[in-house]
1. Pick out the one residue from L86, L76, L37, L33 that is within 13 Å of ligand 2 (Cβ to nearest atom) and either at positive phi or surrounded by fewer than 20 Cβ atoms within 10 Å (Cβ to Cβ) (or both).
2. For the stretch 1-17, state whether one or more residues are closer than 18 Å to P77 by Cα and either in contact with a Lys or Arg (Cβ under 8 Å, 6 or more places away or on another chain) or more than 7 Å from ligand 1 (Cβ to nearest atom) (or both).
3. S104 fails exactly one of the following numbered conditions: (1) in contact (Cβ under 8 Å) with a residue 40 or more places away in the chain; (2) in contact with a strand residue (DSSP E or B) (Cβ under 7 Å, 6 or more places away or on another chain). What is the number of that condition?
Amino acid sequence: MTDTEFVSLSEEDTEDIAARIAGDAKPGDVYALEGDLGAGKTVFARGFARGLGVPDNTRVVSPTYTLMQIYEGGRLPLYHFDMYRLADSSEALDAGFDEYLYGSGVSLVEWASRIEDILPQGGSMIRVLIDRGNDDNVRRIRIRRCREI
Ligand SMILES: Nc1ncnc2c1ncn2[C@@H]1O[C@H](COP(=O)(O)OP(=O)(O)OP(=O)(O)O)[C@@H](O)[C@H]1O
Ligand SMILES: [Mg+2]
């Protein structure tokens, strides 16, 4: 199990950290992004997309209403979810999201705790926890790849 911690001092820092992390992404990986409203999950997703090589002119925003956005054109397809509005995982299953979570692209899931029970188990799961620091622009970003089972 790898556990890495970064301190970000700005939005750009968070994007750069995420872009580097994306370099390690493998087909089927699912990144569960946890953190409060405004923590920086979408900023992380934006940097991650850049790190995968998704074209620069692609707008990466929280898919709050659409729930999922697919980004093509990078090293791997990227599936960006925002589960904030879901009551539970059955809605995600009804929408067919398991096909993506268990597919061969990379998933980034904002508010993954909403669908905890349908997330993959084991080594393809990566937890990303973003906490605010003392200063407005400071974030602590912890990355943990779950153990193979
Ligand atoms: N170090 C930092 N890293 C990331 N974002 C930062 C940082 N410092 C300030 N910010 C600001 O925090 C906000 C993060 O917004 P973002 O939309 O990424 O949050 P979120 O976690 O996706 O929220 P939501 O749960 O509402 O989707 C942005 O306005 C960004 O400019
Ligand atoms: Mg967001």
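The values are calculated or read from the model by the stated rules, or taken from the named source; none is laboratory data. Keep in mind that what you see is a predicted model, and the values were worked out from it rather than measured. Positions of Cβ are backbone-derived with ideal geometry, glycine not excepted, and every protein chain shown enters the neighbour counts.
1. Working: L86 fails: within 13 Å of ligand 2 (Cβ to nearest atom); L76 fails: within 13 Å of ligand 2 (Cβ to nearest atom); L33 fails: either at positive phi or surrounded by fewer than 20 Cβ atoms within 10 Å (Cβ to Cβ) (or both).
Of L86, L76, L37, L33, the one residue that is within 13 Å of ligand 2 (Cβ to nearest atom) and either at positive phi or surrounded by fewer than 20 Cβ atoms within 10 Å (Cβ to Cβ) (or both) is L37.
2. No, there is no match, as no residue in the stretch 1-17 is closer than 18 Å to P77 by Cα and either in contact with a Lys or Arg (Cβ under 8 Å, 6 or more places away or on another chain) or more than 7 Å from ligand 1 (Cβ to nearest atom) (or both).
3. Going through (1) in contact (Cβ under 8 Å) with a residue 40 or more places away in the chain; (2) in contact with a strand residue (DSSP E or B) (Cβ under 7 Å, 6 or more places away or on another chain) one by one, S104 breaks only (2).
A quick yes/no check of all residues on (1) within 16 Å of the chain's Cα centre (by Cα); (2) modelled with pLDDT of 95 or more; (3) over 12 Å from D29 (Cβ atoms):
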{"residue": "Y102", "(1), (2), (3)": "yes, yes, no"}
{"residue": "V106", "(1), (2), (3)": "yes, yes, no"}
{"residue": "L119", "(1), (2), (3)": "yes, yes, no"}
{"residue": "G122", "(1), (2), (3)": "no, no, no"}
{"residue": "G133", "(1), (2), (3)": "no, no, yes"}
{"residue": "D136", "(1), (2), (3)": "no, no, yes"}
{"residue": "I141", "(1), (2), (3)": "yes, yes, yes"}
